[in-house]
Amino acid sequence: MKNSLSFSIILFITIVFIYSCSTQEDNNSVQAAPASLTPAEINTTDVINDTKIFNYDVNKNYSEQIVDFYPNAFFASDLSVNVINGINLALKTAADEFGKYGPVEYWVFGTDKQAALDLINKFCERRETLNQWTMTECLRRETDESLDYSMISYQKVGENVILNNKPSGSAAHNGGSEWGIHNMAHSYPFGFDNIFEVDPPQNDFKTVLHEYFHVVQKASVFSLGRDIDDDYLKPNKTIWMMEGGAEYMANYTLFKLSNNGTLSFEKPWGSLKQKMTRKMENGKRIFQQDCPNSLLNEFNHQFCRDPGYDLGSWGVAYLINKVNNQKVLLETFYPNLKKLGFEGAFNLSFGYSTSEFYNEFYEFLQLPIEQQLEIIPNF
Ligand SMILES: [Zn+2]
């Protein structure tokens, strides 16, 4: 306690000192926030990579609002230019396609431990600057390798990819609503470095789009806080809309933009129909094995999880096709979720009840793949 108090005093003095250095000519603004917290002269038309910059008003509450600034992405120092450019472009694309919500902090780790510790230090400095967490407590949690979703755990995933020469990744929206931000982390996005033949850059790009779609989803119920938002986003713990929505919208967007020339990648990645065919095959295989009599709403993180993603993305594709509006989640479902609840927003968006849909979709799963693919856009 005593240590953290004296540390706070030192930090305060440091901030004041930095501030007074940077504003020597402006004697009237002593009461203003430290220079680094002032967004006025910061370019808000791009993804910011400097952990010392806040490209928004730190005193403002942006809950459930469309904002006018892009996400932030922060990188461990061992990451390549290809990774940095790839993540920045993917985040900018996601914000342009799905809407700008924020503030978003997207922390990207490489394989080197010291580089990860340096990045975690910057994360904790940011928390302390905003009076959200003490440096000591932040570092204690985020550098603890034994904790799930600690920041250092993302570096470990990347380190093991190289050690075992085996592709594996982890990315997540890790909350942050208590601080008014979307706090996200991504393990080494090796696809952007073309490390493995089977994992081209499109995979990582898709992952960023998927995670950013969780920003959109969480932003719709942001002010309710972390304990309550799940009741809206995943009623009865069902994951098909949350994960299926993120997965389908990410894939749809990536293939659409690749097809119309907005995005270009070195190697082709097939088509959306091919991608969805694999999802149907994988989803149905595990579904028939583990949970053959279950409806979509019974899949959760413990039970029938993978079909929750794969068949969940088909469920979302099915609904989007039904109303013939690719933006129905963005325009109708999520904007009404907080007010109407899951069932109400579903009714408004798709014109019938969830139970009617679950039964209809169960029948759809029995159709031959050629017929199922008719609902998937042709790119
Ligand atoms: Zn997800």
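The values are calculated or read from the model by the stated rules, or taken from the named source; none is laboratory data. All values reported here derive from a predicted model rather than from experimental measurement. Don't worry about glycine lacking a Cβ; one is built from the backbone with ideal geometry, like all the others, and counts go over all protein chains shown. The protein model used for the area step is the full one, side chains on, heavy atoms only, and it has no ligands, DNA or RNA in it. Shrake-Rupley method; radii C 1.70, N 1.55, O 1.52, S 1.80 Å.
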Would you kindly find the accessible area of Phe192, with a 1.4 Å probe and non-protein molecules such as ligands, DNA and RNA excluded, rounding to the nearest 10 Å²? 20 Å²
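Per residue Cα convex hull volume for the chain, in cubic angstrom? Let's see the in-between values first.
Values: hull volume 58.5 nm³, N = 379.
Once divided by residue count, the hull of the chain is 154 Å³.
Over the Cα atoms of the range 234-375, compute the convex hull volume and normalise it per residue, giving Å³. Please report the intermediate quantities before stating the final value.
Working: hull volume 16.2 nm³, N = 142.
Dividing the Cα hull volume of the range 234-375 by its residues yields 114 Å³.
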Approximate shape of the range 188-307 as ellipsoid semi-axes (Cα gyration tensor, √5λ), whole Å, largest first: 27, 20, 12
Measuring from its Cα centre, the range 234-375 shows a charge dipole (+1 at each Lys and Arg Cβ, -1 at each Asp and Glu Cβ) which, in debye to the nearest 20, is 400 debye
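Would you tally the net charge around Leu117, using a Cβ to Cβ cut-off of less than 14 Å, leaving Leu117 out, and scoring K and R as +1, D and E as -1? Working shown, then result.
Working: positive: Lys113, Lys122, Arg140, Arg141, Lys156; negative: Asp78, Asp112, Asp118, Glu125, Glu142, Asp144, Glu145, Glu159.
Around Leu117, the surrounding residues sum to -3.
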Could you give the spread of the C-alpha atoms of the range 38-129 along their three principal axes, from largest to smallest, in whole angstroms? 37, 30, 24
Could you give the distance between the Cα centres of the range 94-111 and the range 140-204, to the whole Å? 14 Å
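Less than 12 Å Cβ to Cβ from Trp133, Lys/Arg counted +1 and Asp/Glu -1: what total charge do the surrounding residues give?
Working: positive: Arg126, Arg127, Arg140, Arg141; negative: Glu125, Glu128, Glu137, Glu142, Glu178.
My count for the surroundings of Trp133 gives -1.
Exceeding 29 Å between C-alpha atoms, which entries from my cross-link table qualify? They are Lys122/Lys279; Lys100/Lys234; Lys234/Lys273; Lys52/Lys166; Lys60/Lys122. Please list the in-between numbers first.
Values: Lys122/Lys279 39 Å; Lys100/Lys234 23 Å; Lys234/Lys273 27 Å; Lys52/Lys166 35 Å; Lys60/Lys122 22 Å.
Violating the 29 Å limit, Cα to Cα: Lys122/Lys279; Lys52/Lys166.
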What does the charge dipole of the chain about its Cα centre add up to, to the nearest 20 debye, if the Cβ of each Lys and Arg holds +1 and the Cβ of each Asp and Glu holds -1? 240 debye
Binned at 5 Å from zero, the C-alpha pair distances of the range 37-202 give percents of 1, 9, 17, 23, 20, 16, 10, 4, 1, 0
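Using only DSSP helix segments of four residues or longer, with each worth -39500 (n - 2.57), what per-residue ellipticity at 222 nm results for the chain after dividing by its residue count and rounding to 500? Working shown, then result.
Values: 13 runs with 195 residues, N = 379.
That comes out to -17000 deg cm²/dmol.
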With the 8 Å Cα cutoff and a minimum separation of six or more residues, the chain has a relative contact order in percent of 12 percent
From largest accessible area down, sort Leu233, Leu348; use a 1.4 Å probe on the protein chains. Leu348, Leu233
What is the local net charge at Phe222, summed over the other residues whose Cβ is closer than 12 Å to its Cβ (Lys, Arg +1; Asp, Glu -1)? 0
